[in-house]
Amino acid sequence: MMKPIYFPFTYVLEPVVQALAACCGPFTVYQPLRDRVPEQMQPWIDKGLIDIRVPATGNDELLEKAVNDYLNWANLQLEASGGGKNAFLKAGPDRSPLFNSSASSQIVAEIKAQGRKDTEPADQRKVMTARIFLYFAQQFDLQSRGVDGDLIDYQQRERNLIQQLQREEDALPEGRLQKPSVAPDDFADYMLDMRMEAWTRLLLSDPQRTALFITHRQAVLEHVLEFAPAAERILHVTGTVPAAEDASGDARQAEQRMAYFAQVAESRTPSVQKLETPAFLQGIPFGTTLSVYRVPGQTPGAFFARCAGIEDREAETAHPGAGVKNTLIAFINY
């Protein structure tokens, strides 16, 4: 079964895991460092809903040491400024010691200074820098969203309750039902261009292949579609079934969806926009919207390299299509 890849983030919030897994089944999340997977994601990894993949390896011990040294220094700076998200907000993201845009370059320079002769090709050095950047971007996500975690959980519970009430709306007075507010995610798209480039370097390092990539961020969808003028929206459905308690949804229907998308990626089936939508494509949680776009004639490696502005190596050599003729982008709004 084709397993989609979440992009361009390496940290996934619980409500996002639930929405993505219910629509697509288990999905892959890239990690920049093998031993630094966020513990908040571990329950979903244990349940088999998230598949962790570390496409790029090498220099792991040196990277770990450099990260630890840098974090020790950064934590001292945060403590001196009051710590936590309030200090980050007061300082502004460009002045935060953890998330300064030059942090990854500083760490790579520190690694080189430890005495190892720099004989790696330029593209490998760029991959190493990308891994460090993604690690600190992950820390940025954890820090900026940690304070909001309780509110996100509350609003998800609110949404579930409203969904239950909507199934009994005929018995309720008009005006009693209100759409739940959106949980804050102020910094989710911060430095999106750099995230895309760094994440794409991991994709180009990944020997495993898939055609389907999923996101829940509107800004991410808009960014990639700017580079796909020929993209066609092949699916747009809104779910009507109650959310599953185990967050995995209907596993059989998820497998059917993935099999169908695999055929679409290989150009063996037309858009469902021109056909009657099969029931297995509609069986997603109530209120969740699934949109899928097909980028024709573009393998994932070539397409994402173009989105990220990576021209310093031949993307098709690093990440051949392996029979995949199209790239599929899925957007899930929950």
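Tell me, yes or no, whether the range 40-50 has at least one residue that is surrounded by 21 or more Cβ atoms within 10 Å (Cβ to Cβ), under 11 Å from the mean Cα position of the chain (by Cα) and closer than 18 Å to GLN253 by Cβ.
Scanning the range 40-50 turns up no residue that is surrounded by 21 or more Cβ atoms within 10 Å (Cβ to Cβ), under 11 Å from the mean Cα position of the chain (by Cα) and closer than 18 Å to GLN253 by Cβ.
Considering every residue within the range 55-65, establish whether at least one is β-branched (Val, Ile, Thr) and either in a helix (DSSP H, G or I) or at pLDDT 90 or above (or both).
No, because not a single residue in the range 55-65 is β-branched (Val, Ile, Thr) and either in a helix (DSSP H, G or I) or at pLDDT 90 or above (or both).
Got at least one residue in the range 5-19 being within 15 Å of the chain's Cα centre (by Cα), closer than 15 Å to VAL127 by Cα and free of Cβ contacts under 8 Å to residues at least 40 places away in the same chain?
no
For the range 26-44, what are the residues that are without any contact (Cβ under 8 Å) to a residue 24 or more places away in the chain and over 25 Å from MET128 (Cβ atoms)?
If the condition is that a residue be without any contact (Cβ under 8 Å) to a residue 24 or more places away in the chain and over 25 Å from MET128 (Cβ atoms), then GLN42, PRO43 are the ones that fit.
Taking the condition of being in a loop (DSSP other than H, G, I, E, B), modelled with pLDDT under 80 and touching a Phe, Trp or Tyr at 6+ places or on another chain (Cβ under 9 Å), how many residues in the range 270-323 meet it?
Count: 2.
Regarding ARG209, is this residue more than 15 Å from the chain's Cα centre (by Cα) and either at pLDDT 95 or above or closer than 18 Å to THR57 by Cα (or both)?
Against the criterion (more than 15 Å from the chain's Cα centre (by Cα) and either at pLDDT 95 or above or closer than 18 Å to THR57 by Cα (or both)), ARG209 qualifies.
If you go through the range 5-27, how many residues are polar (S, T, N, Q) and either in a helix (DSSP H, G or I) or surrounded by fewer than 24 Cβ atoms within 10 Å (Cβ to Cβ) (or both)?
Qualifying residue count for the region: 1.
The values are calculated or read from the model by the stated rules, or taken from the named source; none is laboratory data. In this text the structure is predicted, and so the values were computed from the model without any measurement. Virtual Cβ from ideal backbone geometry, glycine too; neighbours counted across all protein chains shown.
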